[in-house]
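Here is the structure we will look at, set down as structure tokens.
The values are calculated or read from the model by the stated rules, or taken from the named source; none is laboratory data. Just so it is clear, the structure is predicted and the values come from calculations on it, not from any experiment. Here the Cβ positions follow ideal geometry from the backbone for every residue, glycine too, while neighbour counts run over all protein chains shown. Ligands, DNA and RNA are stripped out before the accessible areas are found, and what is left, the full protein with its side chains, is counted by its heavy atoms. Shrake-Rupley method; radii C 1.70, N 1.55, O 1.52, S 1.80 Å.
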Amino acid sequence: QVQLVESGGGLVQAGGSLRLSCVASGSIFRIITMGWYRQAPGKQRELVATISSSGITNYANSVKGRFTVSRDNARNAVYLQMNSLKADDTAVYYCSVEPSTVTSRAWGQGTQVTVSS
């Protein structure tokens with residue numbers, strides 16, 4: 001089972017930027033799809049972005065053009081660069097291993113992002 005550790009959350013003013021990082025354990029990182037999700041208070045967890053093992057990305061409409069997901073297979077790391085942050089982006093952000101034929105879903109512990117307006 002892949003284990004994930006996120007970092008990089010914090011408090012930022014609207015219009016600002018943050019970069020989230022997620023480091024994974026295990027040797028299969030380079031062949032798995034990774035994702036970022038978020039959960040705001042009182043709301044369901046929602047997909048933010050995914051990145052495949054070959055670097056193909058997918059974004060929620062609400063973050064397109066503002067957020068960028070990337071990965072560094074040499075470091076077993078995936079990143080989420082968040083620009084032009086809005087108050088609606090306030091949530092706990094979770095790194096995820098997307099389920100596949102070689103691995104089951106796994107979640108990180110989450111990191112809080114708070115955007116003040």
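Couple of notes before you dig in:
- Antiparallel content of DSSP bridges confined to the chain, in %, to 5: 90 percent
- Carbon plus sulfur fraction of accessible area for segment 1-84, probe 1.4 Å, in percent: 47 percent
- A 1.4 Å probe run over the protein chains yields, for the chain, 51 Å² of accessible area per residue, whole-number rounding.
- Segment 100-116 and segment 3-80: distance between their alpha carbon centers, rounded to Å: 8 Å
- Computed over the chain: relative contact order in percent, which uses C-alpha pairs under 8 Å that are six or more apart: 36 percent
- Formal net charge of residues neighbouring residue 2 (Cβ-Cβ distance under 14 Å; K, R +1; D, E -1): +1
- Ordering 72, 89 by accessible surface, largest first, gives 72, 89; the 1.4 Å probe counts only protein heavy atoms, with every chain in place.
- Taking θ as phi - 60° and the Karplus parameters 6.51, -1.76 and 1.60, the scalar couplings of segment 83-91 work out to 10, 6, 5, 10, 4, 5, 7, 4, 4 Hz in sequence order, x denoting glycine and proline.
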